[in-house]
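Comments concern the structure below.
The values are calculated or read from the model by the stated rules, or taken from the named source; none is laboratory data. Quick caveat: nothing in here was measured; it's all calculated off a predicted structure. Cβ: placed from backbone, ideal geometry, glycine included. Neighbour counts: every protein chain shown.
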Amino acid sequence: MKQTRWDLRKMYPTDDLWRADLARAQALVDRLAAQQGHAAATAGDLLTTLQLQDELDVAFRHLYVFAHSNFDQNMADPDAKALMEAAQNAYTVMGEKTAFLSPELMQYSMDDFNRYCKEVPALELYRRFAEDFYAKKAHILSNEMETLLVRMGDIGGSFSKIFEDLTVNDITFPTIDNAEGQPEKISEAGYGAALVSPDRAYRARYWKGLLSTYGAHINTLTSCYYGSVKDDVFTAKTRNYPTARAMGLAGNFIPEAVYDNLLAAVRENMQPLHDYVELRRQVLGVDQVHFYDLFVPIVEETDRKYTYEEAQDIILKATAVLGEDYTALVKRAFDERWIDVYPAPNKRSGAYSTGSYHSAPYILTNFNGTLDSVFTLAHELGHSMHTWFSNHNQPPVYADYSIFCAEVASTTNEQLLSAYLYDHAQSDAERAYLLDMRLNDLRSTFYRQTMFADFEHTTHKWVESGRPLLPQELCNLHGDLNRLYYGDNFALDDELKFEWARIPHFYTAFYVYQYATGISASTAIAQKILTQGAPAVEAYRKFLCSGSSDHPIEVLKLAGVDMASKQPVEDTIASFRDTLAQLKQLLGT
């Protein structure tokens, strides 16, 4: 059992060592704060400032990774909670003490940086950083305003906290009869399992009970979301961006055309999704497809369970195409206890990958033996391999890959796993199940997240034009988008209009579109790897090793994908269409 629990104590054998490291990091904050007034007065001063910033970022990331991971493995542990809170508080203090840095550096220019590089060649390491920094000059404010925005950020973040408190702690969900006729309390935790139940009446009861509960609080939830959007708009205006979306994409130098191309390409190609809904209608034998009919497999699910050892073997074989050193690293993750595998009392649900510059890229998962949990493990290993290759090929300033690229390696792993399982399936039934699984994944990750991106693009435009966000208008907008995306054979139940109110990602504006662009990129990459072999693998490995050494659009071009064009999105739609045709053929429809 010990082998399936992650070994976080390789980071800090004792909590006292963590606290000692925190004290050293706080001393680094003070050293960086002491640069105020001469952060870049000379070439030597600038090098000291930038090196201190790197050292501080690495130190705080290491501290935070341990604190949050240690807490997540046992959320009832008061000592772990204390470390987590200490890390969060220290991070806020660091932000306030170093808020002077950007405004002060903005007093200089790229010409100054170029001159300094001639005096101190070591500064050349930071050229990409400097170019990106001075490109944002119009959006960096005075020292006083930057400090104020740090504090305002705390207030703006409150809307997400209010949403979480309301939906997790205060809302009471009803009790319904489950599929066996026994009382069951509805919850978000049980929602996913309920929607794949073969009992349609039970699915409907569960879904309607959950969504109508959000509907009962729709005024409060609207005010909460409205406040969050207003905060986005306020911050964008204060930082001199034309729109909140422009600000949201500028952080990673993503052209707004990428967002527009995604929405336009999907809106122009709704028919494959409509055809998929029609196939579901036919196979399920219903008059109309309701939302609670979208997740249940339309191909009989295998009851096979996988041991953790079997999952390891399958993933190693599926990713073998990426090279022996890649699979050797995956094997290290298994053997060296980078992964916390099974559910446990008071352990956080779900799955994620995390890590610092000097730690292993740890993975938390809750493996339960289903095929879905095998895919989840492959997904998180994709994140961890990306983290490893970036950290071991880039200096700290460029080691963190952008959010825009974050879901590419993970979903590439998933697609390689899907292809491997399909090629080694023992029957048409297995192949049909895998095709159905892929379609449902694309529907939820590509189409659905694009629909959410459509929603928040509209809500922010409304607020920017002075139009208030009202409950009925938000509900109508969400309903209209569901009708547009899913087509006429999709039932627009009243409860569906409340669904927007349960989406936590809306409190991180202009984030969800990256799920759709990420899977579009990985679809293109996986196809190249499987058809072209070694040249495509070499190109993909360059992407994995690049971190943030260039803008995300340029980094993805290393893997042969141009996300500034519509092509990857259109290719993903074509893949969905082709997969649907394969499934129809196997089902004889």
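Answer yes or no as to whether PHE498 is farther than 30 Å from GLN282 by Cβ, out of contact with any strand residue (DSSP E or B) (no Cβ under 8 Å at 6 or more places or on another chain) and among the hydrophobic types (A, V, I, L, M, F, W, C).
When the stated conditions are applied, PHE498 does not pass them.
What about ASP293, is it among the charged types (D, E, K, R), closer than 21 Å to ASP480 by Cα and surrounded by fewer than 16 Cβ atoms within 10 Å (Cβ to Cβ)? For ASP293, the condition - among the charged types (D, E, K, R), closer than 21 Å to ASP480 by Cα and surrounded by fewer than 16 Cβ atoms within 10 Å (Cβ to Cβ) - is not met. Determine whether the range 60-72 contains at least one residue that is of a type in the set (Lys, Arg) and free of Cβ contacts under 8 Å to residues at least 24 places away in the same chain. Within the range 60-72 (the criterion being of a type in the set (Lys, Arg) and free of Cβ contacts under 8 Å to residues at least 24 places away in the same chain), the answer is no, since none of the residues qualifies.
Give the residue, chosen from VAL289, VAL341, VAL296, VAL283, that is touching a strand residue (DSSP E or B) at 6+ places or on another chain (Cβ under 6 Å), among the aliphatic types (A, V, I, L, M), over 30 Å from ALA534 (Cα atoms) and touching a residue at least 24 places away in the same chain (Cβ under 8 Å). Can you show your working first?
Working: VAL341 fails: touching a strand residue (DSSP E or B) at 6+ places or on another chain (Cβ under 6 Å); VAL296 fails: touching a strand residue (DSSP E or B) at 6+ places or on another chain (Cβ under 6 Å); VAL283 fails: touching a strand residue (DSSP E or B) at 6+ places or on another chain (Cβ under 6 Å).
Matching residue, one of VAL289, VAL341, VAL296, VAL283: VAL289.
Filtering the range 528-552 to residues that are part of a helix (DSSP H, G or I) and touching a residue at least 60 places away in the same chain (Cβ under 8 Å) leaves ILE529, LEU530, VAL537, TYR540, ARG541, PHE543, LEU544, CYS545, PRO552.
Looking at the range 93-102, is at least one residue polar (S, T, N, Q) and in contact with a strand residue (DSSP E or B) (Cβ under 7 Å, 6 or more places away or on another chain)? Quick ask: steps written out before the conclusion?
Our first condition is that a residue be polar (S, T, N, Q); within the range 93-102, this holds for 98, 102.
Now restrict to residues that are in contact with a strand residue (DSSP E or B) (Cβ under 7 Å, 6 or more places away or on another chain): none.
Scanning the range 93-102 turns up no residue that is polar (S, T, N, Q) and in contact with a strand residue (DSSP E or B) (Cβ under 7 Å, 6 or more places away or on another chain).
Here's the yes/no breakdown for (1) in contact (Cβ under 8 Å) with a residue 60 or more places away in the chain; (2) touching a Lys or Arg at 6+ places or on another chain (Cβ under 9 Å); (3) of a type in the set (A, V, I, L, M, F, W, C):
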{"position": "TRP6", "(1), (2), (3)": "yes, yes, yes"}
{"position": "ARG9", "(1), (2), (3)": "no, no, no"}
{"position": "THR14", "(1), (2), (3)": "no, no, no"}
{"position": "LEU17", "(1), (2), (3)": "no, no, yes"}
{"position": "ALA20", "(1), (2), (3)": "no, no, yes"}
{"position": "ARG24", "(1), (2), (3)": "no, no, no"}
{"position": "ALA33", "(1), (2), (3)": "yes, yes, yes"}
{"position": "ALA40", "(1), (2), (3)": "yes, no, yes"}
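Hey, can you tell me all the residues within the range 62-115 that are among the acidic types (Asp, Glu), at pLDDT 95 or above and touching a Leu at 6+ places or on another chain (Cβ under 9 Å)? Within the range 62-115, just ASP112 meets the criteria.
Matching residues to (1) touching a Leu at 6+ places or on another chain (Cβ under 8 Å); (2) surrounded by fewer than 16 Cβ atoms within 10 Å (Cβ to Cβ):
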residue	(1), (2)
LEU210	no, no
GLY215	no, no
TYR259	yes, no
GLU268	no, yes
GLN282	no, yes
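Cβ-Cβ distances below 8 Å connect the following pairs, each with a first residue in the range 236-261 that is free of Cβ contacts under 8 Å to residues at least 12 places away in the same chain and among the charged types (D, E, K, R), a second residue that is surrounded by 20 or more Cβ atoms within 10 Å (Cβ to Cβ) and in a helix (DSSP H, G or I), and a separation of six or more residues or different chains: GLU256/ARG245; GLU256/LEU249.
Of all the numbered requirements in (1) surrounded by 18 or more Cβ atoms within 10 Å (Cβ to Cβ); (2) in contact (Cβ under 8 Å) with a residue 24 or more places away in the chain, LEU434 misses one, and that requirement is (2). Whenever a residue of the range 145-166 is under 18 Å from ASN219 (Cβ atoms), its partners that are outside any helix (DSSP H, G or I) and at pLDDT 85 or above, lying with C-beta atoms within less than 7 angstrom and at least six residues away or across chains, give the pairs LEU166/HIS217.
Every test in (1) under 27 Å from GLY518 (Cβ atoms); (2) in contact (Cβ under 8 Å) with a residue 24 or more places away in the chain; (3) surrounded by fewer than 17 Cβ atoms within 10 Å (Cβ to Cβ) is passed by LEU481 save one, and that test is (3). Selection of the range 314-351 for residues being modelled with pLDDT under 95 and in contact with an Asp or Glu (Cβ under 8 Å, 6 or more places away or on another chain) yields ASN346, LYS347, ARG348, ALA351. If you go through the range 2-48 and pick out every residue that is on the phi < 0 side of the Ramachandran plot and assigned to a loop (DSSP other than H, G, I, E, B), you end up with 15. Could you tell me whether PRO242 is touching a Leu at 6+ places or on another chain (Cβ under 8 Å), loosely packed, with under 15 Cβ neighbours inside 10 Å and closer than 26 Å to CYS405 by Cα? Here the answer is no, as PRO242 does not meet what is asked.
Surrounded by fewer than 16 Cβ atoms within 10 Å (Cβ to Cβ), of a type outside the set (Lys, Arg) and either farther than 30 Å from PRO361 by Cβ or touching a strand residue (DSSP E or B) at 6+ places or on another chain (Cβ under 7 Å) (or both), is that true of ASP111? Against the criterion (surrounded by fewer than 16 Cβ atoms within 10 Å (Cβ to Cβ), of a type outside the set (Lys, Arg) and either farther than 30 Å from PRO361 by Cβ or touching a strand residue (DSSP E or B) at 6+ places or on another chain (Cβ under 7 Å) (or both)), ASP111 qualifies. Could you tell me whether the range 137-149 includes any residue that is over 25 Å from CYS117 (Cα atoms), of a type in the set (Ser, Thr, Tyr) and crowded, with 17+ Cβ neighbours inside 10 Å? Yes, that holds for at least one residue. The one condition from (1) within 26 Å of HIS217 (Cβ to Cβ); (2) out of contact with any Leu (no Cβ under 6 Å at 6 or more places or on another chain) that ILE186 does not meet is (2).
Close contacts from the range 77-102, counting a first residue that is under 13 Å from LEU63 (Cβ atoms) and a second that is hydroxyl-bearing (Ser, Thr, Tyr), with Cβ to Cβ under 8 Å and a gap of 6+ residues or different chains, come to ALA87/TYR64; TYR91/TYR64.
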